[in-house]
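The values are calculated or read from the model by the stated rules, or taken from the named source; none is laboratory data. Everything quoted here is computed from the prediction, not taken from an experiment. Neighbour counts run over all protein chains shown; Cβ positions are idealised from the backbone, glycine included.
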């Protein structure tokens, strides 16, 4: 990666900036699984991602994914933050069920698939790419969440390799893939099992700082968790 900043540095910088934006809230980190259930519905779902990655010949994707996984494990093991991941689920699925169940959520994401979830009044979206007002993140305004869902179904989603609904059959496939408000019953159940899993949290922020020794890590963790030993 040459002189570029390490993956862990960039991810933690971003993560801490989001945490500080709305202090005092519990922090959830949602992760995509590696074998999404959507490929069983439509095998070409996200099929272009591998080819897109291969264009970046200077990046070792196997190493990057491994390091990202190690960082997520360190966050889970040594900080009060909660991480959620399952092989066949995507982050969107887990967020959708939390919203459906009435959780008071602020989601940081630029994924337009989540626009539909603003139909739940307990959920607010913040796009990290959006303009700030006086240096602060602002909530995304979605005028008609259900219309956003309908557009996804009919027009597809190039980012996820979901095609335009040119037939009734494709429309049904698209709806099953992109509709987060009405996930399949078995997927809802799996999401709730992941979200409700038992946890024994014994945060060790010192150990986390030992693993990631940039000064900003200690400084920001002290701000986010002022009552924890550090």
Original post:
If you go through the range 152-161 one residue at a time, how many are surrounded by 18 or more Cβ atoms within 10 Å (Cβ to Cβ) and at negative phi?
Top reply: 4
Original post:
Tell me, which helices (runs of 4 or more DSSP H) lie completely within the range 27-129 with 1 or more residues that are touching a helix residue (DSSP H, G or I) at 6+ places or on another chain (Cβ under 8 Å) and either touching a residue at least 24 places away in the same chain (Cβ under 8 Å) or within 30 Å of residue 204 (Cβ to Cβ) (or both)?
Top reply: 38-41, 61-78, 91-100
**OP:** Identify, by number, the condition in (1) in a loop (DSSP other than H, G, I, E, B); (2) at pLDDT below 95 that residue 159 doesn't meet.
**Re:** (1)
Subject >> Within the range 162-183, considering residues that are touching a residue at least 12 places away in the same chain (Cβ under 8 Å) and closer than 25 Å to residue 29 by Cα, the one surrounded by the fewest Cβ atoms within 10 Å (Cβ to Cβ) >> reply: 181
Subject >> residue 213 part of a loop (DSSP other than H, G, I, E, B) and out of contact with any helix residue (DSSP H, G or I) (no Cβ under 6 Å at 6 or more places or on another chain) >> reply: yes
**OP:** For the range 10-26, name all the residues that are in contact with a strand residue (DSSP E or B) (Cβ under 6 Å, 6 or more places away or on another chain) and in a helix (DSSP H, G or I).
**Re:** 18
Original post:
Taking residue 198, is it surrounded by fewer than 20 Cβ atoms within 10 Å (Cβ to Cβ) and within 20 Å of residue 41 (Cβ to Cβ)?
Top reply: no
Subject >> Every residue from the range 125-150 that is under 17 Å from residue 92 (Cβ atoms) and surrounded by 16 or more Cβ atoms within 10 Å (Cβ to Cβ) >> reply: 125, 126, 127, 140, 142, 145, 148, 149
Original post:
Given the structure, is residue 186 in contact with a helix residue (DSSP H, G or I) (Cβ under 7 Å, 6 or more places away or on another chain), modelled with pLDDT of 95 or more and either part of a loop (DSSP other than H, G, I, E, B) or more than 30 Å from residue 6 (Cα to Cα) (or both)?
Top reply: no
Original post:
Within the range 201-219, restricting attention to residues that are farther than 15 Å from residue 8 by Cα and without any contact (Cβ under 8 Å) to a residue 24 or more places away in the chain, which residue is surrounded by the fewest Cβ atoms within 10 Å (Cβ to Cβ)?
Top reply: 202
